[in-house]
Structure formats: structure tokens, C-alpha cells
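What follows draws every value from the coordinates through simple rules; no lab data is involved. For clarity, every value in this text was computed on a predicted model and none was experimentally measured. Note that we place each Cβ from the backbone using ideal geometry, even for glycine, and neighbour counts take in every protein chain shown.
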Amino acid sequence: MTAAGFDGVERRGLMFVLSSPSGAGKTTLSRLLLEREPGLKMSVSATTRLPRPGEVEGRDYFFVDKPRFETMVKQGELLEWATVFDNLYGTPRAPVEAALSAGQDVLFDIDWQGTQQLHQKASADVVRVFILPPSAADLEKRLHTRAQDSDEVIRGRMSRATHELSHWAEYDYIVINHSVDDAFAEVQSILKAERLKRERRTGLTEFVRNLQGQLEK
């Protein structure tokens, strides 16, 4: 996708945010969006946490130490940042702003803290989607199925989920993830509709003017 958009009309890109309690499915939905939606790129966050098995530097995260991260904050290099489970996460500003100007959409897999900061700085560019699990039992089952964390960490994530859920009303859209296929269809529909919003289609005025000129001939 270029700045001209899919239909030939120039469009400013958007920041498409997916948030959820850990284990509710936002990472799976993010992967599916990236696989099936042209013109969408993943925002790569910087983090102070250690890499998990299979994670690649620059693809999954930029892994930095705490002093470097704090320097990025002080120098205004991050669009948003937050502390999650004793680690720091943040979004580098420059690549996101370049993508939006080029008409490319950027996908964010971040929590409510980062979402609040993005919305405060660029509300017109941000679309916020919160993913809910169908039940607490289902959420706990998914966390155990991932087999990435210890029982102690899982208990901590379940406890934190209560606080995360309290921010659901701050989001533009709510998707309940009963099944991955249905949740993906809903998220995909949201993205497609937001791409068509008049205020984001910067080339519409010129397009309509040209169309009127053709009709008047």
C-alpha cells in the first residue's frame, strides 16, 4: 500500500491498537491481521525485559537496558511507554510517524497505559480495540496452555487482569474472544471501516472535485 491507498484516494495511516489482559488473544489476532491485511505493519516496541524463546531483536522487540530506555524517554524518542510486570515498554516515535504520513497503518499490541498516552498525543490517528476473554476460567486455561510462564507468574497475570478490565470503557471497540475466527472477523471489520473514515482520506476533496469536473463536461 502507498499513500494513494487501495482505491486511489490518498489517505493518512492510522494507529490500530489491540489491548487485552494477558492471554485473552490479542497477540494471536495481531498475527492474523499482519498475515491477511495488506498495508499494515507492526509497531516494534523497545523493552527492558529479557527475550523469550524464539523472539528476535528488531522483529519482536528492541531489547535495551534500563539506562538506554530512560534516555529515550528523556529525549522524547517514545510515543508512549509504560511499566508492565517490572519491565519497561515503549514505542519509538520516528518509524510510526513516517508510516502514517506514507498512508500505512501501524498495529499496536500495548496495554491501557500506552493506549492512554497515544490517545492523548494523537487522538485523531488512534483506533482503540479491547479484547475480552469469555470468562475468567477460559483466561486461566489459555495462560496455562501457552506454557510460557510459571504458576506464580500466571497467578500474577490473573490478578492484574482485574485492574486491566477496569479500563475497558476507555476503548472505541470491545471484542469478546469466544473463538479466534469470530474475533478476527470483528477486528478486521473495524479496521476496514476505520480506513474509510472521511477525515483520514486526505485526497477525497481533490477526488470529488475532479469527479464533479467530469460530470460538468
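Helix content alone sets the calculated 222 nm mean residue ellipticity of the chain: runs of n ≥ 4 DSSP H residues at -39500 (n - 2.57) each, divided across all residues, give -13500 deg cm²/dmol.
Cβ-to-Cβ counts within 10 Å put H163, H119 in ascending order as H163, H119, the fewest first. Note that the range 8-52 shows a convex hull volume over its alpha carbon atoms of 112 Å³ per residue.
Among M15, M42, M72, a tally of other beta-carbon atoms within 10 Å of each Cβ gives an order, fewest to most, of M42, M72, M15.
Averaging 1/r over every pair of different alpha carbons in the range 154-217 and inverting the result gives a Kirkwood radius of 15.7 Å. Both radii are taken from the alpha-carbon atoms of the range 9-126; with Rh as the Kirkwood radius, Rg/Rh is 0.95.
By DSSP, the beta bridges lying fully in the chain are antiparallel in about 30 percent of cases.
In plain terms, if you count all Cα to Cα distances in the chain and split them into 10 Å steps from zero, the share in each step is 8, 31, 35, 18, 6, 2, 1, 0 percent.
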